[in-house]
Amino acid sequence: MTDPAPAAPEIDPRLLEILVCPVTHGPLDYDRGKAELISRAAGLAYPIRDGVPIMLPEEARALGEGE
């Protein structure tokens with residue numbers, strides 16, 4: 001029997017209102033399924049680890065086409 005996948009961490013909506021992309025200073029979108037904060041302007045996805053957004057450009061992954 002396999003364990004179900006752990007639920008993505010909840011992010012406080014107030015935190016999402018004040019967090020901005022460190023590269024563009026623009027807004028971020030929360031992708032709960034991937035546990036990432038997305039900066040469409042920068043084309044980057046910042047990971048959320050153990051409920052903590054990692055807002056370092058060197059830790060972000062580049063968005064692929066159509067993301």
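Here are some notes:
- Residue ID - surrounded by the most Cβ atoms within 10 Å (Cβ to Cβ), chosen from residues in segment 53-67 that are under 14 Å from the mean Cα position of the chain (by Cα) and of a type outside the set (D, E, K, R): A60
- Every pair of residues 6+ apart whose Cβ atoms lie under 7 Å, when the first sits in segment 39-50 and is farther than 12 Å from D29 by Cα while the second is among the aromatic types (F, W, Y): none
- Of residues in segment 16-38 being touching a residue at least 12 places away in the same chain (Cβ under 8 Å) and surrounded by fewer than 14 Cβ atoms within 10 Å (Cβ to Cβ), the one nearest to I48 (Cα to Cα): R32
Rule-based calculations on the coordinates, nothing more; no lab input. For clarity, every value in this text was computed on a predicted model and none was experimentally measured. Virtual Cβ from ideal backbone geometry, glycine too; neighbours counted across all protein chains shown.
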